[in-house]
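Undergrad: Have a look at this one.
What follows draws every value from the coordinates through simple rules; no lab data is involved. Treat the numbers as computed from the prediction; the structure is a model and nothing was measured. When we count neighbours, we look across all protein chains shown, and the Cβ atoms used for this are built from the backbone with ideal geometry, even at glycine.
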Amino acid sequence: MYVSAISLEKKSRELPHNLPPEVRTLFSREQEIAAIVYRNGVSTAKNVEDQMESPPTNASIRTMLNRLVRKGILLGCRAGTTGPILYVPALAEPFARCAAIKTFAGDFYGGDLDRLVKEISEFFARLPTLQTLLDNYHRSPPAEVEGLVGRMREIASMIYCKGMASILDVRAGIPEPLAASGIRTAMNRLVARGILRKRAGVRHQEVIYIPAIVTPPVRQLALKRLIDMRFDGSPEVALQSALQALHA
């Protein structure tokens, strides 16, 4: 049985270097739990409890494991009819990359994977630099963003240049940062004005804000950010994942 085969010895608390980005952006407790499952390959709640430095209650661990299943970070199935629930990584690298491509296509291409494949192919042929794409954006930013003033313009411009951001990302990136509540209010006003959109992130209750006015410079800049962050800067790897997603 799987459970008896899993070593319960304390293992290194360092995060494995090959954890998917989605795991690295989790809050600390969820990240620790997910890292244990990814390191083990298969784990029960008891296995996780035994390998945590200062574990919460077993019930709390089960709650967090099930939350990670709902977020798509883990998969879970019961061992037999009465055995414990076994948790395994959901984000094996090819799967994770395809998931990232599909999310990005929904954010910037209306879900049209064919268009995304075509644009990645053009990236592969041109290999534009990030600075070139930033310059292209600054030459023709959306008029709605240019028409903003003060903090609103600062926040909107940052998100358009980054491709997407959470409240914490924005707070860390602006000089003389506001309180999180002030940034949230400003970002939600930008959503109400049709300048930003928002969707759920991978952290518990995290909200990700993305550009709502998707011009070609905005889309290409966001695509470059995705390729650099999720595909180690390789349009070839991104194209492979996009084709796999298209034909899945």
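Undergrad: Obtain the nm distance between the two label points defined at residue 236 and residue 126 by a simple spin-label model: each point lies 7 Å from its Cα along the Cα-to-C-beta direction.
TA: About 2.1 nm, to one decimal.
Undergrad: Sticking with this structure for a sec: Label point 7 Å out from residue 248 along Cα-to-Cβ: which residues of region 117-149 have amide N under 15 Å?
TA: 117
Undergrad: Out of 196, 73, 88, whose Cα points farthest toward the positive end of the dipole of the chain (charges: +1 Lys, Arg; -1 Asp, Glu; placed on Cβ)?
TA: Final value for the positive-end residue is 196.
Undergrad: Counting only C-alpha contacts under 8 Å and six or more residues apart, can you give the relative contact order of the chain as a whole percent?
TA: Computed value for the chain: 19 percent relative contact order.
Undergrad: Grab the other residues whose beta carbon is less than 15 angstrom from that of residue 175, score K and R as +1, D and E as -1, and report the net.
TA: Result for the local shell: 0.
Undergrad: Under DSSP H, which helices of the chain have Cα atoms covering 24 Å or more of the helix axis and a Kyte-Doolittle average no less than 1.6?
TA: Within the chain not a single helix satisfies the rule.
Undergrad: Which entries in 198/224; 102/162; 46/102 show an alpha-carbon gap greater than 29 Å?
TA: Where the Cα-Cα span goes over 29 Å, the pairs concerned are 46/102.
Undergrad: Using the Cα centre of the chain as origin and beta-carbon charges of +1 (Lys, Arg) and -1 (Asp, Glu), tell me which of 132, 186, 244 is placed farthest towards the positive end of the dipole.
TA: 186
Undergrad: Follow-up. Please compute the length gained on full extension between residue 197 and residue 46, using 0.36 nm multiplied by the number of residues separating them and subtracting their Cα-Cα distance.
TA: Length difference between fully extended and current span is 50.4 nm.
Undergrad: In addition: Using a ≥ b ≥ c from the Cα gyration tensor of region 79-220 (square roots of the eigenvalues), is it rounded, prolate or oblate, where a/c under 1.5 gives rounded and otherwise the larger of a/b and b/c decides, a/b for prolate?
TA: oblate
Undergrad: Let's test the formula: R0 of 35 Å, r as the Cβ-Cβ distance of residue 149 and residue 58. What FRET efficiency results, to the nearest 0.05?
TA: Once rounded, the FRET efficiency stands at 0.10.
Undergrad: What does the charge count around residue 121 come to, taking other residues whose C-beta lies under 12 Å from its C-beta (Lys +1, Arg +1, Asp -1, Glu -1)?
TA: With Lys, Arg at +1 and Asp, Glu at -1, the neighbours total -1.
Undergrad: If you compute Rg and Dmax of the Cα atoms in Å for the structure shown, which of (1) 20.4, 63; (2) 17.8, 54; (3) 17.3, 50 do you land on?
TA: (1)
Undergrad: Tell me which GluC sites (Glu not before Pro) from region 32-68 have a DSSP coil assignment and no more than 13 other beta carbons within 10 Å of their own.
TA: 53
Undergrad: With a sphere of radius 12 Å drawn around the Cβ of residue 86, what net charge do the other residues whose Cβ falls strictly inside it have (Lys, Arg +1; Asp, Glu -1)?
TA: Cβ neighbours under 12 Å give a net charge of +2.
Undergrad: Place a +1 charge on the Cβ of each Lys and Arg in the chain and a -1 charge on the Cβ of each Asp and Glu, then give the dipole magnitude about the Cα centre in debye, rounded to the nearest 20.
TA: In debye, rounded to 20, the chain gives about 580.
Undergrad: Just subtract the alpha-carbon distance of residue 138 and residue 75 from 0.36 nm times their residue separation and send over the number in nm, one decimal.
TA: 18.4 nm
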